[in-house]
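Structure first, then comments.
The values are calculated or read from the model by the stated rules, or taken from the named source; none is laboratory data. Worth saying up front: this structure is predicted, and the values here are computed from it rather than measured. Don't worry about glycine lacking a Cβ; one is built from the backbone with ideal geometry, like all the others, and counts go over all protein chains shown. Ligands, DNA and RNA are stripped out before the accessible areas are found, and what is left, the full protein with its side chains, is counted by its heavy atoms. Shrake-Rupley method; radii C 1.70, N 1.55, O 1.52, S 1.80 Å.
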Amino acid sequence: MADPIEPSTSSSDPNSIPIPTAILHPRREPFEHGLLTIQKLIFNDPVQALTPLKQKFASPSTQRVDSAALAELLQISFDHSRLVLETLASVLHSEPDPLVTALPDDVDSIGADLRDLILFLYIQSYKRLLPRSHKDSAAVADVWPSMSAFDGYLSALSPLQLVRSNSRRFMPSQADEEVHQLSYLQKHLANILSLLSEHVEGESEESLVLTMEGFEHLGFLIQFGDKGSEVVPLSQAAPFFANSDPDMPAAPVPVSQVHDWLLQTIASSLESITEKVSAKENGSPSGSDQDVAMADATPSSAKASLSARSPCFVEGVSKSSYVKQASDLNSSSVKAVRVEHCERVHVIIAAKRVCIANCRECVFFLGVNQRPLFVGDNHKLQVAPYNTYYSQLEEHLTEVGIVSTINRWDEALSISVIDPHDSLSHPAGVSDAQPESATCLDPDQFTNFLIPNWFENESTGSTKDNPFPLPDAYMTSQQRNQKNLSEIKQMLREAPLEENRKRELSSALHVYFKDWLYASGNIRQLYCLQGD
């Protein structure tokens, strides 16, 4: 259990607003998985753009917004408005919200909570942090020869070259990003609170107030609680709501009071995070590591990192296979998968949502309930139906709310070659480029992936086959291959050959099989098995 947040007060100023001793953190999910590269959602003046949305749906009977209404109000396509709702569902802070657990066909009938939707749309104008500068500009020129839409701000290097260049060390750390995100919220706090506030009729001063329920929706953007601790509800940390009677609605609070308290809290948190970063950079042992322990990206290694408040990264996979177990993700919430900067890899994914960015010559075997999203500068990508299983697969799908009878693997949605959330400008003319869509894998090239029984100590499940139904063309191809294999086996068994001729035939088959393993690259699978 997390320690309760004790408000602290200043002894020198009796009128100071109490602020919590725990650090306020931005929620990483909306900033890392919730930003969409849809130009019409990048508002120059978010308050002016979102006020009509608030006014239209502010009445108690219309607090939830569906795709059609959103498309009409923002003048975007239905596909894009549906994408907004589905993406919002994957990054919501409130698990009990019905949109989180909505079946794909029920997303529009349930709709999004107006306040969550407003916050989601507001941060679409957020600009990501610039990469760290390098002391040796000549060295940078070797790593980043030119700006490119392929990477937004990294380089014209291919993904594999990017890994080998050890460019991760120039990326902003988690602490850098937290400071940047908190600073953004600090700057836009007044606007955000005004969009969540309610007007009190007949009041000349302090006419804008915030209810406790409205205040809790700020949990979409911020949270209390450090690594490994439970997240504390915002209302329990706020002095104006902390002691409210649970049986009585808490009285609304003037927005100005909430604004002052949050500004002080953010300032205190920024100071604390900055001190820790400075201590770490100066080599002080007291400086706690705010960063995710990133994997060493080397061509021969595949590693992953995971912390209680951070995404799980898998990187540095080259000429090898990498499988994560359920035990690797204990106490973690998996809602969306993002694949970026990959080249010539096969990725097998079962998830509600997947976003694929800046990849080349990859094949994705997908079991997804939402349309796969392709963003950035992708080239020669292929998609195919999900192609594997393990004993606990159906149990895990049920646990996270994935419906195996719905697979939208072949309904790819491609948007925007460039990412407007990058802080750097892009080369002229790039914004007019059309994004490249993925093609479907030829059914004759489709094969099942067999997961070896590496984890015998784990409890067995009931899954005996791929729970995602295969389309007819892929099923027909699979059945034809199985039939051909059975016929060949039968012919070999019944062949009227002497024992020495059978041995020669067996030896020839092994030679051809070995040649195929090397030619196809599948020899690496055997090496992986030998290493485990």
- [ ] Report the FRET efficiency, 1/(1 + (r/R0)^6), for residue 391 and residue 55, where r is their Cβ-Cβ distance and R0 is 51 Å, rounded to 0.05.
- [x] 0.45
- [ ] Provide 212, 248 ordered by accessible surface of protein heavy atoms (probe 1.4 Å), highest first.
- [x] 248, 212
- [ ] State, to one decimal in nm, how far the label point of residue 406 lies from the label point of residue 236, with both points 7 Å from Cα in the Cβ direction.
- [x] 3.3 nm
TODO: Quick one: what are the phi-derived ³J(HN,Hα) couplings along the stretch 266-279, Karplus 6.51/-1.76/1.60 with θ = phi - 60°, whole Hz, x for glycine and proline?
DONE: 5, 4, 5, 5, 4, 5, 5, 5, 5, 4, 5, 5, 5, 4
TODO: Kindly write out, for the stretch 383-395 in residue order, the coupling ³J(HN,Hα) from the Karplus curve 6.51 cos²θ - 1.76 cosθ + 1.60 (θ = phi - 60°), rounded to whole Hz, with x marking Gly and Pro.
DONE: 10, 8, x, 4, 9, 8, 6, 9, 5, 9, 4, 5, 4
TODO: Starting at the first residue of the stretch 410-417, write each ³J(HN,Hα) from the Karplus equation 6.51 cos²θ - 1.76 cosθ + 1.60 with θ = phi - 60°, in whole Hz, x for Gly and Pro.
DONE: 9, 10, 4, 10, 9, 9, 6, 5
TODO: Tell me the label-point distance for the pair residue 72, residue 398, using the 7 Å Cα-to-Cβ offset, in nm and rounded to one decimal.
DONE: 4.1 nm
TODO: Could you give the size of the charge dipole of the stretch 471-521 about its Cα centre, using +1 on the Cβ of each K and R and -1 on the Cβ of each D and E, expressed in debye and rounded to the nearest 20?
DONE: 60 debye
Open item on the list: If I stretch the segment between residue 436 and residue 382 completely, what's the gain in nm (0.36 nm per residue apart, minus their alpha carbon distance), one decimal?
Closed with: 18.3 nm
Open item on the list: What does the extension gain come out to for residue 45 and residue 519, with contour length at 0.36 nm per residue minus their alpha carbon separation?
Closed with: 165.0 nm
